[in-house]
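J.: The structure that follows is given in the form of structure tokens.
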Amino acid sequence: MAKGMFGILALVSALTMGAPAMAGNAHDFSFEKIDGGALPLAQFKGKAVLVVNTASFCGFTPQYEGLENIYKEFKGKGLVVLGVPANNFGGQEPGSNKEIKEFCESKYDVDFPLAAKVSVQGANAHPFYKWALEVLGPDKAPKWNFHKYLINARGELVASFATKVVPDAPEIKSAVVQAIADK
């Protein structure tokens, strides 16, 4: 009997864990913190979240400074910036989680949360990124490092910004203000 129950639990788990199509909103997903432990997006209910796939050795790496600035500007109003290191584009994030964290803190004084390194594209993409692809379509998928997704305070994916759109661009700031207000 216990063996049969285990099989049923495994099947239910396989059908529900990380299945993007079954997610109601971004709050249904969780990352791992860069220094270990769970980082559920549900902890950010009521706040807007700017999710950015990052890399330490990219021509766009100086965007860390802009991300930290927008985080500081809007943190008290309800914005969280979440850096998600990924090595999908040009092998520009080869380091360990510890190395990535040390780089971000020492070079850019990053204070916003960082997830552990994940894949953001293809079959091995983190479930959040698979879900974002389903919600917004393939033309809004990350095509390089520092692609940005904006989640409103209700957990809805409301915007996508290409790599070249800098964090303090007027369109990002305007979208952030709206996403914070969407409660």
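J.: With just the Cα atoms defining each centre, how far is the range 144-162 from the range 43-116? Give it in Å.
T.: 14 Å
J.: Suppose only helical runs count, i.e. DSSP H with n ≥ 4. What mean residue ellipticity at 222 nm does that imply for the chain under -39500 (n - 2.57) per run, divided by all residues and rounded to the nearest 500 deg cm²/dmol?
T.: Estimated from H runs of four or more residues: -10500 deg cm²/dmol.
J.: Taking the Cα centre as origin and putting +1 on Lys and Arg beta-carbons and -1 on Asp and Glu beta-carbons, what dipole magnitude results for the chain, to the nearest 20 debye?
T.: Value, rounded to 20: 360 debye.
J.: Further question: Taking the Cα atoms only, what angle lies between the long axis of helix 97-108 and the longest principal axis of the chain, rounded to 10 degrees?
T.: The two axes meet at around 20 degrees.
J.: Which residues' amide hydrogens lie under 5 Å from the amide hydrogen of Val81, considering only partners 5 or more residues apart or on another chain, with H built in the peptide plane?
T.: When sequence neighbours closer than 5 places are left aside, the close amide H contacts are Leu50.
J.: Report which label in [x] 0.99; [y] 1.13; [z] 1.21 holds the value of Rg/Rh (Cα atoms, Kirkwood Rh) derived from the coordinates of this structure.
T.: Among [x] 0.99; [y] 1.13; [z] 1.21, the one derived from this structure is [x].
J.: With θ set to phi - 60° and the Karplus curve 6.51 cos²θ - 1.76 cosθ + 1.60, what are the ³J(HN,Hα) couplings of the range 49-56 in order, to the nearest whole Hz, using x for Gly and Pro?
T.: Each residue's phi maps through the Karplus curve to give 10, 9, 9, 10, 7, 10, 8, 7 Hz.
J.: Please list, in order along the range 80-96, the HN-Hα scalar couplings obtained from phi with the Karplus expression 6.51 cos²θ - 1.76 cosθ + 1.60 (θ = phi - 60°), rounded to whole Hz, x for Gly and Pro.
T.: Each residue of the range 80-96 in turn: 10, 9, 10, x, 10, x, 8, 10, 6, 10, x, x, 8, 9, x, x, 6 Hz.
J.: Between His147, Ala86, His126, whose Cα lies farthest towards the positive end of the dipole of the range 45-183 when Lys and Arg beta carbons carry +1 and Asp and Glu beta carbons carry -1, centred on the Cα centre?
T.: His126
J.: How would you rank Trp131, Trp144, going from fewest to most other Cβ atoms within 10 Å of each one's own Cβ?
T.: Taking fewest neighbouring Cβ atoms as first place, the list is Trp144, Trp131.
J.: To test your reading of the geometry: what angle, between 0 and 90 degrees and rounded to tens, separates the Cα axis of helix 63-74 from the longest principal axis of the chain?
T.: Tilt relative to the chain: about 90 degrees.
J.: Another one. For each pair in Lys101/Lys140; Lys47/Lys148; Lys47/Lys143, compute the distance between the two Cα atoms and list the pairs where it is over 24 Å.
T.: Lys101/Lys140; Lys47/Lys143
J.: To the nearest 10 degrees, how steeply does helix 170-181 sit against the main Cα axis of the chain, on a 0 to 90 scale?
T.: Once rounded, one gets 50 degrees.
Values quoted throughout were computed directly from the atomic coordinates according to the rules given, and no laboratory measurement underlies them. Predicted model only: the values in this text are computed from it and were never measured. Don't worry about glycine lacking a Cβ; one is built from the backbone with ideal geometry, like all the others, and counts go over all protein chains shown.
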